[in-house]
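**Student:** Right, I'll just put the structure down here and ask away after.
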Amino acid sequence: MDQDALSRIAEALERMAPAPLATPDFAAASGFVWHVGPDRLEPVPQINRVELDLLVGIERSRDTLLENTRRFAAGHAANNALLWGARGMGKSSLVKAIHGTLASEFGDLKLVELQREDLPSVARLLNHLRDAPHRFILYCDDLSFSHDDQHYKSLKAVLDGGIEGRPENVVFYATSNRRHLMPRDMIENERSSAINPSEAVEEKVSLSDRFGLWLGFHPCNQDAYLAMIDGYCAAYGVDVDPETLRAEAIEWQATRGARSGRVAWQFFTDLAGRHGVTLR
């Protein structure tokens, strides 16, 4: 093959290759979303979150994660955290609320959201964050893996970092409904069909062991559910007769068949709308 043909091939490959990610302007926002195809960090002008003191019934997890994040923001050692448990109990809300609380105190603390399906690109993302003069909470919501899902291997790049190690200025927080990040029947199936059952599941189950903090979230009782709604009413100035509020709130959760922070917020959204209150 002659030199001209080689040059044309090289030029074609260069046109096909994605352009390298420009150095992000981290001063543009407090939060970013990582996208691929092409790689880019999209700034989020206003993060969707609630105030930390409105998250009721999860005080122990709140205090533990707040202290861990405060140490990280101050430049000290901190653990990766897995927030697991019941749906709608404030796992993702807690991560965003803690960032909002500490971002005013530590101006270089940034929140970067990573989608589960983009985990294979995480090594490229870490390379962009590694040399930045900021501290990053890398956050993945609703993290879990199915039977034939190989994305879990990419997660080790965040938790362990390979030979380079996890960047000192990055901590990883994930939320999941599953403690071991995969269905129980998948674990049992691999255990029963493998030649060496313990080794067959060790690699996948050990993923959750790589998180230094496990914070469990459990369904709330009625008192906590009503306390959440009372807190929202006080924060947004919605004045309702206590007995009427209690009756309506209980009826709402009965129709949903569940009690959780999410259900409490959905009821309050309806209540605020009926009273002409705008939620910001």
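The rows are residues; the columns are (1) polar (S, T, N, Q); (2) surrounded by fewer than 12 Cβ atoms within 10 Å (Cβ to Cβ); (3) touching a Pro at 6+ places or on another chain (Cβ under 9 Å); (4) at pLDDT 90 or above.
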{"residue": "Y173", "(1), (2), (3), (4)": "no, no, no, yes"}
{"residue": "M182", "(1), (2), (3), (4)": "no, no, no, no"}
{"residue": "M186", "(1), (2), (3), (4)": "no, no, no, no"}
{"residue": "F211", "(1), (2), (3), (4)": "no, no, no, no"}
{"residue": "W214", "(1), (2), (3), (4)": "no, no, no, yes"}
{"residue": "A249", "(1), (2), (3), (4)": "no, no, no, yes"}
{"residue": "W252", "(1), (2), (3), (4)": "no, no, no, yes"}
{"residue": "G257", "(1), (2), (3), (4)": "no, yes, no, no"}
{"residue": "Q266", "(1), (2), (3), (4)": "yes, no, no, yes"}
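**Student:** Pull out all pairs, ordered by first then second residue, where Cβ-Cβ is under 6 Å, the residues are six or more apart or on different chains, the first lies in the stretch 220-232 and is within 11 Å of W265 (Cα to Cα), and the second is surrounded by fewer than 21 Cβ atoms within 10 Å (Cβ to Cβ).
**Tutor:** G231/L54
**Student:** Also: Only one residue in S144, S121 is under 13 Å from the mean Cα position of the chain (by Cα), surrounded by fewer than 23 Cβ atoms within 10 Å (Cβ to Cβ), of a type outside the set (D, E, K, R) and within 20 Å of V33 (Cα to Cα). Which one? Give the derivation first.
**Tutor:** On the way: S121 fails: under 13 Å from the mean Cα position of the chain (by Cα).
Selected residue: S144, the only one of S144, S121 that is under 13 Å from the mean Cα position of the chain (by Cα), surrounded by fewer than 23 Cβ atoms within 10 Å (Cβ to Cβ), of a type outside the set (D, E, K, R) and within 20 Å of V33 (Cα to Cα).
**Student:** Ok, one more. Against the condition part of a helix (DSSP H, G or I) and modelled with pLDDT of 80 or more, how does L143 come out, does it pass? Spell out the reasoning first.
**Tutor:** Values: part of a helix (DSSP H, G or I): no; modelled with pLDDT of 80 or more: yes.
No.
**Student:** Let me ask something additional. Among the helices (runs of 4 or more DSSP H) contained in the stretch 211-277, which hold 3 or more residues that are acidic (D, E)?
**Tutor:** Here the list reads 242-256.
**Student:** Among residues belonging to the stretch 90-110 that are outside any loop (DSSP other than H, G, I, E, B), open to solvent by 10 Å² or more (accessible area, probe 1.4 Å) and not charged (D, E, K, R), point out the one that is farthest from P167 (Cα to Cα).
**Tutor:** So, considering only residues that are outside any loop (DSSP other than H, G, I, E, B), open to solvent by 10 Å² or more (accessible area, probe 1.4 Å) and not charged (D, E, K, R), the one farthest from P167 (Cα to Cα) is S93.
**Student:** Here's something else I'd like to know. Give the number of residues within the stretch 45-63 that are closer than 16 Å to G100 by Cα and either in contact with an Asp or Glu (Cβ under 7 Å, 6 or more places away or on another chain) or not charged (D, E, K, R) (or both).
**Tutor:** Of the residues in the stretch 45-63, 8 are closer than 16 Å to G100 by Cα and either in contact with an Asp or Glu (Cβ under 7 Å, 6 or more places away or on another chain) or not charged (D, E, K, R) (or both).
The values are calculated or read from the model by the stated rules, or taken from the named source; none is laboratory data. Just so it is clear, the structure is predicted and the values come from calculations on it, not from any experiment. Methodologically, a virtual Cβ is constructed for each residue, glycine included, from the backbone with ideal geometry; neighbour enumeration extends over all protein chains shown. Please note that ligands, DNA and RNA were not included when accessible areas were found on the heavy atoms of the full protein model with its side chains. Shrake-Rupley method; radii C 1.70, N 1.55, O 1.52, S 1.80 Å.
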